[in-house]
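The values are calculated or read from the model by the stated rules, or taken from the named source; none is laboratory data. Predicted model only: the values in this text are computed from it and were never measured. Cβ placement follows ideal geometry from the backbone for every residue including glycine, while neighbour counts extend to all protein chains displayed.
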Amino acid sequence: MEVNDIQYFNTKDFVNSHFSIVCAKRRGGKSTIIGDFINKQFENGDLDVAILFTGTNADFPMIKKPFRFTANEIDKLDDIVDNYSVMNEFNKIADPPNRFKLKTIVILDDLALQYKSKEFAEKLSNLSVRGRHYSYKPLSLSFFIITQKICCLPTVCRCNADYIIFNNISSMTELDTVMNENFFLMDSSREGKKKARNLYNGLVTSEPYLFVVCENHKSNIREYKDYIKKYVVKV
């Protein structure tokens, strides 16, 4: 498998109500790529509302003040999920013209302390497993979880994420986790792992501002190109 065989990811390819993890080092472009995703989805009519929970209140200028919350307001996340659950139940019995059609993305940014909390870890795990069941079409409720350290997220979250998005990972522990959970699916033999590492190294050094997108929601995969894509942020 060559780097040139890997296709570019299109924001229109996001599945309905996805749970996604974006991992990169500090100042590694995490906010930039998500901002790019959001802007394109707004432009294409694939998104109505973007909500931010942040520890720094930085970045994402396209998200206005009423939709920005601090880390101390994380309990409002429960309200969002509860509201979607109510709308989802209503849609099951309503005539099509009367159904709610709201499309929302929730971004959890720079919440390192919350990620370490057992209670919050359980909340994230529940969202990764059950989140899409709160918002069947025509509703959509998606999540972007931003982290510098993917290992700080529960294994359940990582293994149930629809998308794992990352760029060059310097920590061997972090890289081994990403490779074991996302790149060694085709062939776990010594030679297979060597080829997977070569593909990873080739991808992350092939273009400036490139992120690797693992589409883990796909079940019928036979080659790396079936579920691994690349995304370049134009800056």
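Each residue in the range 18-31 was checked for being closer than 16 Å to residue 54 by Cα and surrounded by fewer than 18 Cβ atoms within 10 Å (Cβ to Cβ), and 2 pass. Looking across the range 48-90 at every residue that is part of a helix (DSSP H, G or I) and β-branched (Val, Ile, Thr), the one that is farthest from residue 133 (Cα to Cα) is identified as 80. Every condition in (1) out of contact with any helix residue (DSSP H, G or I) (no Cβ under 6 Å at 6 or more places or on another chain); (2) basic (Lys, Arg); (3) modelled with pLDDT of 90 or more holds for residue 99 except the one numbered (1). Of the residues making up the range 195-202, one or more are buried (at least 20 other Cβ atoms within 10 Å of the Cβ), of a type in the set (Gly, Ala, Ser), modelled with pLDDT under 95 and part of a helix (DSSP H, G or I). Restricting the range 148-185 to residues that are among the charged types (D, E, K, R) and over 25 Å from residue 55 (Cα atoms) leaves a set whose member that is surrounded by the fewest Cβ atoms within 10 Å (Cβ to Cβ) is 176. Going through (1) at positive phi; (2) in a helix (DSSP H, G or I) one by one, residue 27 falls short only on (2). Residue pairs whose Cβ atoms lie under 9 Å apart, separated by 6 or more positions or on different chains, with the first residue in the range 217-230 and under 15 Å from residue 200 (Cβ atoms) and the second hydroxyl-bearing (Ser, Thr, Tyr), are 229/8; 230/8; 230/206.
Conditions tested, residue by residue: (1) within 19 Å of the chain's Cα centre (by Cα); (2) not in a helix (DSSP H, G or I).
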residue: 34; (1), (2): yes, no
residue: 37; (1), (2): yes, no
residue: 46; (1), (2): yes, yes
residue: 97; (1), (2): no, no
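List the residue pairs whose Cβ atoms are under 9 Å apart, where the first residue sits in the range 57-76 and is on the phi > 0 side of the Ramachandran plot and at pLDDT 90 or above, the second is surrounded by fewer than 14 Cβ atoms within 10 Å (Cβ to Cβ) and assigned to a loop (DSSP other than H, G, I, E, B), and the two are 6 or more positions apart or on different chains. The qualifying pairs do not exist here.
Annotation for the range 170-180: no member residue is outside any loop (DSSP other than H, G, I, E, B), under 26 Å from residue 63 (Cβ atoms) and of a type outside the set (Val, Ile, Thr).
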